[in-house]
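One structure below.
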Amino acid sequence: MAFWGYTYMVRYLDKHFLEGGNVLLFQDSRAVRGIWQGRFKVPGVKGYVDKSSGTTDFGAACAWASEFYFELRMRVRNEQPVKVVTFRKAFDRWLKEGVINLSQDRQTLHRGIGARYLLGYFSDFNVELINDDDMEGYWNWRDTYWTSGPGANDPKKRKDSGTPSVATRRMERGLLTQMWGFFQRKKLVKTIPNFPLPTMTRAESDPRTSRRPHLEPHEIRQLFDVMDEWVNTEDPLSRTYQRHLIKYAIEIVYYSGLRPGELFQLRWSDVRVQNGHVTLQIRETTKTGARVCVPMPEIEPVLRGLREWLGDEEGSEKLILRAEKGGPIKNFGFKTMKKLMDLAGVGVDGDGKERTLYSFRHTYITERLLAGVDAYTVARNCGTSVEQIQKHYDHTTNILRADALTQGGAAVVAKVRRTSKKKSEPEEPLPDESEEEMIKRIRQDLIQPAKRQIIF
């Protein structure tokens, strides 16, 4: 015998139908306390809502069931979800349905942020009831996560973990905006809370999280010398493949300025020769979409050596960097790479910030700017904006203008000194000049000193 599509089981004891048969009030044979349970069928809603009355009193349970049923109907009328949806459930649904059109890198990023921060704070919140105050609480919690919060004693904590930078906050706010937009479209929430970022001065934002650490030329030479020997050294853990993977990744990023996520999506069919130059066709599914990257000519022997090492055919659809069994890279070996960087003595920059694979992109950009390539061209080639180039690589500006900044410096100083010396000497009348005329001339000079001091 069936009840609303379910087969009657022994669990339903002392059944009572209310509200025209849309509410079943019963006692569960598996429970020992005799608490009345409710199963609700709401018109226009698929499935059922199960909820405990929390009481053993039949009269109180009936009153509760009728009131709760009325509340469910009002929620349907107001286009609100009839079931309580926790943030965790809503987030899991968003990962399955809401990010499928994003690049693999973005999906991985969102999962990482979600698992550590969003689920860490909002996990069991009723997603519909999260409001502006809750968001303010989240940002306060997030700011201290690595300093005095849950991550303070995390063994995986990076040495440079601190207060999130303005860029990190904006990225996470963008993630929250996308996510809540999905929740609203799926009618999990009716309104979207505000996601204001806390006001931060430049000093309050941890400067270590906004720098662009690059390697100096002598450090690149030092690393490459060590790496050439390291990659062919016998590894007791049989990670020879991984070592080669790291070596080629470093070289390609250094000579091209690619983001690691762009590199790991690159296929041999994306490597072409156009107008006598090697070009890399960056895929649409990457962070900033499709573009053509023109790397340094030194990349040609690197790519040729990589293709020969893998035994790949030119122009094939295989990933140029991939897992040993052929699929996308899931474990690149960042810890192994860090050991290599430390071995070469280039693991951290002058401020103690750890260098990563991304640091070679920063090195490429820095070197191109110092070579005189304009910011617009570098930005287009690297898939970023001129504003970002000027903001994060302005340390190259004064170096490029060093000649102009120091031009004529000694001559100017000498002339100023001569001028100062003449001022300190007692004035004497010019030829055929009376004492009265001399005093008048001196007064005129004092009134208009700028004319006498112009030296350019």
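The values are calculated or read from the model by the stated rules, or taken from the named source; none is laboratory data. Predicted model only: the values in this text are computed from it and were never measured. Reconstructed Cβ throughout: ideal geometry from the backbone, glycine too, with neighbour counts over all protein chains shown.
The table below gives the values:
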item: Verdict on Val82 being in a loop (DSSP other than H, G, I, E, B) and either at pLDDT below 90 or in contact with a helix residue (DSSP H, G or I) (Cβ under 9 Å, 6 or more places away or on another chain) (or both); result: yes
item: Unique residue being free of Cβ contacts under 8 Å to residues at least 40 places away in the same chain, over 19 Å from the mean Cα position of the chain (by Cα), in the same structural domain as Asp92 (by TED's automatic domain parsing) and surrounded by 13 or more Cβ atoms within 10 Å (Cβ to Cβ) when the list is Asp134, Asp154; result: Asp154
item: Total residues in the stretch 280-302, condition among the acidic types (Asp, Glu) and in contact (Cβ under 8 Å) with a residue 12 or more places away in the chain; result: 2
item: Evaluation of Tyr69 against (1) touching an Asp or Glu at 6+ places or on another chain (Cβ under 9 Å); (2) surrounded by 14 or more Cβ atoms within 10 Å (Cβ to Cβ); (3) in a loop (DSSP other than H, G, I, E, B) (one fails), failing number; result: (3)
item: Residue match in the stretch 261-276 (condition: closer than 22 Å to Ile320 by Cβ, β-branched (Val, Ile, Thr), within 26 Å of the chain's Cα centre (by Cα) and modelled with pLDDT of 90 or more); result: no
item: Subset tally (residues that are assigned to a loop (DSSP other than H, G, I, E, B), loosely packed, with under 14 Cβ neighbours inside 10 Å and modelled with pLDDT of 90 or more) for the stretch 374-409; result: 1
item: Strands (runs of 3 or more DSSP E) wholly inside the stretch 13-66 containing at least 2 residues that are modelled with pLDDT of 90 or more and within 52 Å of the chain's Cα centre (by Cα); result: 23-28, 36-40
item: Filter pass, Ile113 being surrounded by 13 or more Cβ atoms within 10 Å (Cβ to Cβ), of a type in the set (A, V, I, L, M, F, W, C) and either over 29 Å from Pro260 (Cα atoms) or under 42 Å from the mean Cα position of the chain (by Cα) (or both); result: yes
item: Answer residue from the stretch 106-164, given it is part of a helix (DSSP H, G or I) and among the aliphatic types (A, V, I, L, M) and is modelled with the lowest pLDDT among those; result: Leu109
item: Which listed residue, of Gly372, Gly333, Gly345, Gly315, is touching a residue at least 12 places away in the same chain (Cβ under 8 Å), under 21 Å from the mean Cα position of the chain (by Cα) and assigned by TED's automatic domain parsing to the domain that holds Thr279; result: Gly333
item: Qualifying residue in the stretch 166-183 (condition: more than 19 Å from the chain's Cα centre (by Cα), at pLDDT 90 or above and aromatic (Phe, Trp, Tyr)); result: yes
item: Residue check, Ala90 surrounded by 13 or more Cβ atoms within 10 Å (Cβ to Cβ) and under 30 Å from Gly289 (Cβ atoms); result: yes
